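**Q** Dumping the structure here so I can ask a few things about it.
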């Protein structure tokens, strides 16, 4: 356990073996930090709020919380959490293992996230969002929760497993994004998106099925489902499972193709 | 008065009774902090700038400034200011009472805000914006100020009382958004919006009158004006005034309605 | 050299004459800070990463890094860098002189920026972006790098000299934005933009040539190329060069014009 001399750690915080806490960081009471987790400088861990109703903040083992991040009491994270800088996560959010969120991500509380979710920088996840496993959210994605802002009847968004929401897209309150679907960049999603479908535009409408998109990277194989070819950072067992699930694709041999 | 032992507070700052200042925060000279205000950790209050022309930063009583926030010299805030984390407010901005701004809000200076304004997280308010009373700005709203970027002739946006601007909307320089109007999410507002009107799209065009939107929350009453049914966090006297202003609406009793 | 008593500065960091380092800031080893540079409070300078492959962070002389900013090892900046608050710059990014980036700008690493680039607040520059000289990026501009997110074949955006990208615009991976072009606010750029052209919309399409836009500021001169009339903050020699390059435009004398 390595606590920087300038860090302020409450004596009632439960800090496991191998944890390090950086300079100018604050760890409040009612916090449980799993073993071998690293917390960088200038963080505030376990920010007190009555809305947490006394529940602790639990951060799983082998996690990395980068500098200037803020986590409230009352949320829980499985092992191998990795964050960028200046993330904010409020109370009563529960996430599975292997969550990775980029710099400036804001999770507003009362959210559920599955395993292996990925959010790039600047994603804003409103209260009551429900996010499945292996979901990707790209920069400036905004998941909303109010059908008639401002109102008292918040309704979160649901994003199913393996779905991809591209940059600067707004998903309106109550929308259900189906498994394996892809939402193009700069879209406004105002109705449900069926599974394995690509939608784009403002408002977003169906472009094609996800499997119809051919990769421009030279191999000319389908770009989706992405789990066939993208494995970086995911648990080894999960990747093995995926590789069994899909037949090996033959690379196209068309030498006339113009893209490299 | 509770000043954390690690906080750095200039002896010339004027700090009233009941104020608390958190760990690793800095309070510069030329700052007046009203009574019973709480300033969290890692803040910088009264950031010096020549542009403030020697004017002080004044923060009203009973305010709460959450951690990692930065306020410049030369701006003034009425009582009951509440901020999220990491807000930035530059010089010569003047706001009324009961301003609430979310995490990562950026107010660039030389702005005027009325009473009881609400800005959710990640709102960017450019220099010279003029915002009335009881205005709502949702995440990633961008109020611009330059008709031919980059130019030297900045012209701010005007947003009138009770207007609502939804998520990820850009309002172009010089646009006037009328009282009680509603701008839909993911819109580009390139012309004035008349009072009590709903506009949506990129560019935003009229959809209907605000009063024509019926709430999907099961009561089937008009969703606007929102002041009829949303009162959380506003001063009690103001809410009483509103309740007198509007006749009580009968809830619809149509049992065949499909939305809950 | 003025290092605040609370700052933590590694003894192996190379800090030139006249540098000041603010309260609660951290300077790691493998950092070179040029003379007369000011680093504000709560910063982290030289954040270690294996991806920097041992290369130092070099910050040119006469720079100003505002509070709560984070710079990784392995990037280099010419003289007169000025940042807003809470910027993040990752490893292996190389920028010329006179870069100015606003509050909350995020540069993700492996980027090239020319001289005198301007990025307003909240700009997100993805890995592998290539940005020329005198480019302007306005708030919430997102330069992407993945044609089939998520994939392993990242392709950055290219923005040529003097181009202007307005607020809340997404530029898709691999797009080439030509010299002197202007991209309107709230656009999605999904194909190359020719030089000196204005494009707008989602997806962005040609509106006119840049030189056809007449300024609304009362002078009725062409608004572009902007370098004819906007010089603030640029090196004096450069401005002199520009002024020689363009004939002096006569101000229009049409008294019937309706805009002020």
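Any read-out appearing in this document is the output of simple, stated calculations on the displayed coordinates, not a laboratory observation. Because the structure is a prediction, the values reported are computed rather than measured. All Cβ positions, glycine included, derive from the backbone under ideal geometry; neighbour counts span all protein chains shown.
**Q** Classify segment A:2-210: rounded, prolate or oblate, from the alpha-carbon gyration tensor (a ≥ b ≥ c, eigenvalue square roots; a/c under 1.5 rounded; otherwise prolate if a/b is larger than b/c)?
**A** Taking the square roots of the gyration eigenvalues as a ≥ b ≥ c, segment A:2-210 is prolate.
**Q** Okay, next question. Sorted from shortest, what are the nm distances separating the label point of residue C:48 from equivalent points in the other copies, each placed 7 Å from Cα along Cα to C-beta?
**A** Output for residue C:48: 3.5, 3.5 nm, nearest copy listed first.
**Q** Based on DSSP H runs of at least 4 residues, each adding -39500 (n - 2.57), what is the mean residue ellipticity at 222 nm of chain C after dividing by all its residues, to the nearest 500 deg cm²/dmol?
**A** -1000 deg cm²/dmol
**Q** With the Cα gyration tensor of the protein assembly as shown giving a ≥ b ≥ c as the square roots of its eigenvalues, does the rule (a/c under 1.5 for rounded; else a/b larger than b/c for prolate; else oblate) give rounded, prolate or oblate?
**A** Rounded.
**Q** Please work out the Cα center distance from segment C:22-59 to segment A:119-176, rounded to the nearest Å.
**A** 36 Å
**Q** One decimal, nm, shortest first: give the distances between the label point of residue C:130 and those of the same position in the other copies, each label point 7 Å from Cα along Cα→Cβ.
**A** Going from nearest to farthest copy, the values are 4.7, 4.7 nm.
**Q** Under a point spin-label approximation (7 Å from Cα along Cα-to-Cβ), what is the residue C:208-residue A:76 distance to one decimal in nm?
**A** The two pseudo-label positions are separated by 6.1 nm.
**Q** Then there is this: Rounded, prolate or oblate: which fits segment B:1-110 when a ≥ b ≥ c are the square roots of the eigenvalues of the alpha-carbon gyration tensor, with rounded for a/c under 1.5 and prolate only if a/b beats b/c?
**A** rounded
**Q** What fraction of the DSSP beta bridges in chain C is antiparallel, stated in percent and rounded to the nearest 5?
**A** 10 percent
**Q** Counting pairs of alpha carbon atoms under 8 Å apart in space and at least six apart in sequence, what relative contact order in percent does chain C give?
**A** 8 percent
**Q** Say a label goes 7 Å from Cα toward Cβ at residue A:244 in every copy; what distances in nm does this one have to the rest, shortest first?
**A** Taking the point 7 Å beyond Cα along Cα→Cβ, the inter-copy spacings are 7.3, 7.3 nm.
**Q** Relative to the longest principal axis of chain B, what angle (0 to 90°, nearest 10) does the C-alpha long axis of helix B:236-245 take?
**A** Computed tilt is about 20 degrees.
**Q** To make sure I understand, if each residue's beta carbon is the centre and we count other beta carbons within 10 Å, what order do C:242, A:136 fall in, fewest to most?
**A** So the residues, fewest neighbours to most, are C:242, A:136.
**Q** From other protein chains only, count the Cβ atoms within 10 Å of every residue's Cβ in B:196-204, then give the mean.
**A** Average neighbour count from other chains, rounded to a whole number: 3.
**Q** Per-residue Cβ counts within 10 Å, from other chains only, averaged over B:205-215: what number is that?
**A** Averaged over the peptide's residues, the number is 1.
**Q** Can you order the peptides B:113-121, B:54-62 by their average number of other Cβ atoms within 10 Å per residue, highest first?
**A** By packing density, highest mean first, the sequence is B:113-121, B:54-62.
**Q** Just to be sure I understand: of the beta bridges DSSP finds with both ends in the protein assembly as shown, what percent are antiparallel, rounded to 5?
**A** Among the beta bridges of the protein assembly as shown, antiparallel pairing accounts for roughly 10 percent.
**Q** Can you give the mean number of other chain Cβ atoms that lie within 10 Å of the Cβ atoms in peptide A:150-159?
**A** That average works out to 4.
**Q** What's the percent breakdown of Cα-Cα distances in segment C:26-70 across 5 Å bins, shortest bin first?
**A** Spelled out bin by bin, segment C:26-70 gives 6, 23, 28, 27, 11, 4 percent.
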